[in-house]
Amino acid sequence: MAIEITSIHKPRRMPRIKRAGSSLKHEMRQTHRRARIVQILSVAFIFVAVAGIVSIGYLYSSYATIVDQRLAAGYLTSRGGLYAAPRVLRAGQSMSRERVVEILRRAGYVGAEASDVWSGRFVEDDRGVVIYPRRGTDAAGATEMVRVEFDSEGRIAALTGDGEPLATYALEPEALTNDTSMKTGQRASLAFEDIPPVLAGAILSIEDRRFFEHHGLDLFGIARAAKSWVNVGEDGDRRQGGSTITQQLVKNTYLTPERTLRRKFDEAMLASALERRLSKQDILALYCNEIYLGQRGSVAVRGVENAAQIYFGKALKDLSLAEAATIAGMIQSPARYAPDRHPEKSKARRDTVIGTMLRDQHITPEQAQAAVREPVVASPIDAQNEATAPYFIDYVNRLVESRLENSSEAEGRNLRVYTTIDLELQELAERAVKHQLESLDRVYKGRRQPQAALVALDPRTGHVLAMVGGRRYAASQLNRATDARRQPGSVFKPIVYAAALQAGMSPVSMHHDAPRVFTYDRRSVYRPANYGNAYSMRDVTMRHALVNSLNVVTVDMAMRVGLQRVASLAEGFGLPRPEAYPALALGTTETTPLEIAAAYTAFANGGLYVKPTAIAHASDETQPSYNQQHVALQQQVINPSTAYMITDMLTGVIKQGTARAARGAFKDVAVAGKTGTSRDGWFVGYTPNLVCAVWVGFDDNVPLGLTGAHSALPAWTEFVKGAVELRPELGGEAFARPDSITVVDIDSETGQRASASCPHRERVAVTAALAPGYECTAHNPLYPDFAYTDEADEIAHNEDAALNYGATGHALHSSAPDPATLPASHTRDAMIEIRDDAPRPARIEPLPSARTTRTETHADGRSHLTNEITVVPSIGGGQR
């Protein structure tokens with residue numbers, strides 16, 4: 001029984017033992033599994049954390065690289081936008097110490113210890129100005145220090161680099177605009193030391209009170225901004241933003257204004273990288289230089305110094321507490337808080353800024369109370385605060401837009417365009433135009449206001465050095481230098497004479513200066529008239545005709561050469577091709593000042609026409625194709641000898657012709673040019689290294705009533721004189737003379753080589769083939785050919801065209817006959833007289849003669865003239 005009991009109880013107890021062991025093993029397995037999961041999760045967490053840190057580090061590294069590239073390339077000159085040509089300092093240049101300092105500040109140099117964020121720094125001492133370029137800047141090269149010394153007459157006496165003489169020194173380019181939609185005024189770079197403490201305190205209190213404590217991101221500021229965005233004020237104004245000053249600077253200089261989470265992330269990363277590379281002082285100074293502060297007139301206000309000048313007419317250091325607070329308050333919303341347009345809102349915002357300054361102990365309660373009592377008063381708009389080269393900026397933007405037609409907006413935003421504009425010459429041009437328009441306003445006494453345009457080119461490269469498109473950009477954005485097509489009048493004549501020289505005519509060939517009737521197209525007739533209806537009634541040289549702008553002789557020349565040939569040559573000069581009518585010789589085909597200035601580059605450049613350009617080069621790191629240097633487009637349109645002979649004639653225009661009023665303005669500088677009078681006034685002239693065209697007229701095409709010599713020449717003279725003084729290399733003592741040219745003395749009355757007895761001698765440049773072959777005998781008593789009176793034989797200078805109903809069919813003077821009253825064959829070319837009080841020629845008694853002229857025009861445009869002259873010998877031996 002015991003055995004049985006034992007056998008019975010064993011099976012019952014053994015399963016219990018097995019179940020207990022199994023449970024223990026299960027629990028052990030569960031514990032091991034949980035530990036394994038925890039281990040895996042820990043490893044995964046560590047991996048994710050490390051990956052996140054590595055990823056963030058990699059991202060930060062990429063953003064830091066962007067910042068480093070900007071700093072290495074020059075923070076102020078490496079962002080997208082338009083840039084002027086680098087200003088070049090030269091020994092002997094007319095420039096005072098004060099002017100050099102002003103230019104340095106505008107080019108991004110600061111007058112204090114400076115990091116590489118600036119273009120460099122400068123120091124003034126007893127000897128002059130010492131410039132320390134930024135390391136790695138193009139302007140620096142291998143030079144660590146440049147000294148500029150001045151003489152007592154306001155000129156640069158000496159220029160040295162590291163103690164060695166320098167002929168020139170180029171500064172960093174100045175930004176014209178970083179936003180192509182906005183025209184900015186003159187700006188200057190401020191170092192931290194240049195910012196008044198009251199203004200710095202106002203900006204920090206209202207924009208970033210913890211600026212000197214955080215490292216680019218302010219978590220307290222973000223929380224405070226989030227709260228203010230929930231609790232919107234009664235006026236709907238979310239009063240605080242979460243961005244630090246560093247973030248705002250990054251947004252303004254690196255990023256687009258779009259509001260996306262990606263942009264905010266980029267902003268935060270870039271701000272962190274920037275904080276680790278620049279000092280707080282540099283960041284605040286950059287911010288004060290770059291911040292956008294609204295628009296006034298045509299000018300976008302950038303930087304606190306620009307704002308102080310434009311809104312309050314003051315230097316930055318002279319701002320009051322209330323004015324500084326007003327500028328600081330505008331940062332949040334420049335349009336809403338503009339003191340000139342919204343003084344009440346501006347005052348409320350200003351008082352808020354003053355309250356934050358009091359909170360942060362930047363000012364005392366007494367100062368705060370006095371400041372809030374001040375009214376907000378903006379100064380009147382000053383014309384001197386106009387945008388810099390606004391017409392030129394519009395012109396360049398059009399060129400850029402045409403190139404970027406198929407590009408994205410981002411590509412255009414990143415593009416850096418380095419233009420050809422010389423800001424020193426641009427200021428001279430604007431001043432010259434302003435002075436002349438003020439003078440003309442006194443003539444018209446407020447009845448009408450003429451407009452003006454000026455274009456200056458480098459004849460070797462075609463670079464546009466200066467451009468003025470009108471009286472005031474704020475009043476009219478029409479660029480008359482590039483877009484207003486007007487009849488050029490007599491400034492077109494040199495092209496006619498160039499065609500004649502190319503065809504084999506000589507500058508000393510003789511042409512009759514008398515009223516003429518020209519027949520063309522076998523049935524039509526054309527009756528041109530000299531200016532003032534004045535004629536010498538004798539033969540004159542080609543040179544005399546151009547110098548004195550004789551219309552009848554010019555038309556005669558065009559008919560002899562062939563109208564089609566003249567039209568083709570004009571097209572080669574870059575001008576619109578004229579229709580083949582005789583009136584084309586007098587400049588009836590409309591053109592622009594830029595086109596006519598470019599045409600004259602051929603005369604200054606040995607017959608080589610250079611197409612004008614406003615872009616020196618453009619670059620975009622994302623678009624390598626933009627990294628291109630401009631290559632001048634050139635075309636040889638006339639022989640170098642022809643160009644020189646025309647230039648020789650046009651020097652006579654200034655020495656004794658229609659532009660002789662300018663001859664005393666230039667010393668040791670060769671100048672040549674041509675006046676033009678249509679409805680408008682023109683002058684186009686050049687030195688060996690500068691071409692300038694000036695136009696003056698009314699926008700509605702009403703006749704100006706003044707000659708080119710009285711309307712356009714004064715502005716041209718002031719500008720070119722100032723340009724040569726500023727940059728002597730733009731002048732030149734003589735035009736380059738080809739080897740084929742010789743200079744001969746001729747008798748101006750006969751065109752023959754002058755003899756010892758000739759009373760009127762003239763030096764003329766001709767080729768050997770075109771030089772006169774015989775000596776003059778007109779003044780030898782043995783050969784009495786002509787009889788002269790004892791009166792002065794200097795012919796009154798016939799200024800320019802009494803232009804008629806020319807090829808365009810438009811009347812050029814309000815007193816012109818109605819085309820409807822004229823016969824059909826005369827409608828295009830009816831003669832009118834511009835002025836009744838024009839000078840008349842001295843009395844000259846030609847020998848009795850009979851002259852018949854007949855002109856026929858062939859199908860190819862060339863004309864055949866037949867002249868028959870019968871001379872009756874005088875009695876008395878031709879004595880004077």
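Looking for something modelled with pLDDT under 95 and either aromatic (Phe, Trp, Tyr) or surrounded by fewer than 24 Cβ atoms within 10 Å (Cβ to Cβ) (or both) - is there at least one such residue anywhere in region 680-691? Taking every residue of region 680-691 in turn, none turns out to be modelled with pLDDT under 95 and either aromatic (Phe, Trp, Tyr) or surrounded by fewer than 24 Cβ atoms within 10 Å (Cβ to Cβ) (or both).
Within region 542-553, identify whether any single residue is farther than 30 Å from residue 752 by Cα and in contact with a Lys or Arg (Cβ under 8 Å, 6 or more places away or on another chain), and answer yes or no. No, because not a single residue in region 542-553 is farther than 30 Å from residue 752 by Cα and in contact with a Lys or Arg (Cβ under 8 Å, 6 or more places away or on another chain).
For region 437-478, filtering for residues that are open to solvent by 70 Å² or more (accessible area, probe 1.4 Å) and either in contact with a strand residue (DSSP E or B) (Cβ under 8 Å, 6 or more places away or on another chain) or within 25 Å of residue 607 (Cβ to Cβ) (or both) leaves 1. Looking across region 612-653, the residues that are modelled with pLDDT of 95 or more and either among the basic types (Lys, Arg) or open to solvent by 50 Å² or more (accessible area, probe 1.4 Å) (or both) come down to 636, 639, 640. Selection of region 353-395 for residues being in a loop (DSSP other than H, G, I, E, B) and buried (at least 19 other Cβ atoms within 10 Å of the Cβ) yields 362, 363, 376, 386, 387, 388, 389. Taken over region 274-293, the criterion of being surrounded by fewer than 22 Cβ atoms within 10 Å (Cβ to Cβ) and of a type in the set (Gly, Ala, Ser) is satisfied by 279 alone.
Any residue at all in region 698-713 that is of a type in the set (Ser, Thr, Tyr) and assigned to a loop (DSSP other than H, G, I, E, B)? Yes, the conditions are met somewhere in region 698-713.
Per-residue answers, yes or no, for (1) at pLDDT 85 or above; (2) open to solvent by 20 Å² or more (accessible area, probe 1.4 Å); (3) assigned to a helix (DSSP H, G or I); (4) among the hydroxyl-bearing types (Ser, Thr, Tyr):
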residue: 89; (1), (2), (3), (4): yes, no, no, no
residue: 99; (1), (2), (3), (4): yes, yes, yes, no
residue: 103; (1), (2), (3), (4): yes, no, yes, no
residue: 117; (1), (2), (3), (4): no, no, no, no
residue: 123; (1), (2), (3), (4): yes, yes, no, no
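Summed over region 704-763, residues that are surrounded by fewer than 17 Cβ atoms within 10 Å (Cβ to Cβ), within 27 Å of residue 491 (Cβ to Cβ) and without any contact (Cβ under 8 Å) to a residue 40 or more places away in the chain total 2. Any idea which residue in region 411-470 is nearest to the chain's Cα centre (by Cα), counting only those that are in a helix (DSSP H, G or I) and among the β-branched types (Val, Ile, Thr)? Among them, the one singled out is 433. When we screen 578, 593, 582 for residues that are buried (at least 24 other Cβ atoms within 10 Å of the Cβ) and under 14 Å from residue 491 (Cα atoms), the only hit is 593.
With respect to residue 338, determine if the residue is touching a strand residue (DSSP E or B) at 6+ places or on another chain (Cβ under 7 Å) and either closer than 19 Å to residue 202 by Cα or open to solvent by less than 10 Å² (accessible area, probe 1.4 Å) (or both). When the stated conditions are applied, residue 338 passes them.
Residue count for region 147-180, restricted to those that are more than 28 Å from the chain's Cα centre (by Cα) and of a type outside the set (Asp, Glu): 9. Of the residues screened, residue 497 is not one that is without any contact (Cβ under 8 Å) to a residue 40 or more places away in the chain and open to solvent by less than 30 Å² (accessible area, probe 1.4 Å). Here residue 254 passes the criteria (1) more than 30 Å from residue 476 (Cβ to Cβ); (2) crowded, with 22+ Cβ neighbours inside 10 Å; (3) within 28 Å of the chain's Cα centre (by Cα) except the one numbered (2). Screening the candidates 490, 506, 536 for the property of being buried (at least 17 other Cβ atoms within 10 Å of the Cβ), of a type in the set (Gly, Ala, Ser) and assigned to a helix (DSSP H, G or I) yields one hit, 490.
The values are calculated or read from the model by the stated rules, or taken from the named source; none is laboratory data. Quantities reported herein were computed from a predicted structural model and do not represent experimental measurements. Methodologically, a virtual Cβ is constructed for each residue, glycine included, from the backbone with ideal geometry; neighbour enumeration extends over all protein chains shown. Areas reflect the complete protein model, heavy atoms only, side chains present, ligands, DNA and RNA absent. Shrake-Rupley method; radii C 1.70, N 1.55, O 1.52, S 1.80 Å.
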